[in-house]
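Structure first, commentary second.
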Amino acid sequence: MTLGIVAATRSNMMDEITGDIGASGLLRIYSGTRPATGGTATTLLAELALSATAAPASASGVLTFSTISDDTSANATGTATWFRLTTSAGAAVVDGSVGTSGADINFDSVSFVAGGNVAVSSLVFTAGNA
C-alpha cells in the first residue's frame, strides 16, 4: 500500500533537504551513468551555486528553491544525465535525473559545452502523497 502522509509531515521531510544542504550549497550537473545515491560522481559538466539559504520553508510538501546562480563557464563538454545537490563542501544530499522532459530537472538541451552558460530557471520538489 502507498502511505498517506499529512501535509505538515511532508513539509518537514522536504525542509530537511534544505537543512542538510546548509548554507551556500551547490547544484552539480553530470554526464554518464548515475551512481547509487551519494556514490562516486561521474564527469562534472557544470556547477551552479544555490542561494545562501537553498529554499524557504516548504508548503504542503512542496519545496521551491530560491534563485540558483548560472554557471557562466561550464566545466566540460558532454551530455547531462543526472544532478546532485550538495553542501558547500560537496557532500551529497539529493541525486536526480536530467533530461529535456519528464526528468527531475529539464533543460532545453542536455548537450553542454565547456565554457558555455548553464542556467536553471526554477527547481521545485514535491513530496508525494496518496
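Candidates (1) 13, 42, 34, 9, 1; (2) 13, 45, 32, 9, 1, 0; (3) 12, 41, 28, 13, 5, 0; which is the computed P(r) over Cα pairs in 10 Å bins from 0, in percent? Answer label, from the structure shown: (1).
Normalised by the number of residues in the chain, the average gap of Cα pairs under 8 Å and 6 or more apart makes the relative contact order 30 percent. Estimated purely from DSSP H runs of n ≥ 4, each contributing -39500 (n - 2.57), the mean residue ellipticity at 222 nm for the chain is -4000 deg cm²/dmol once divided by its residues. Taking the C-alpha atoms only, the angle from helix 7-21 to the longest principal axis of the chain is near 40 degrees. Dividing the convex hull volume of the alpha carbon atoms of region 88-130 by its residue count gives 126 Å³ per residue.
Looking at region 61-124, the DSSP beta bridges with both ends there are about 80 percent antiparallel.
Each value in this text was obtained by applying a stated rule to the coordinates, not by laboratory testing. Bear in mind that the values here come from a model prediction, so they are computed numbers and not experimental data.
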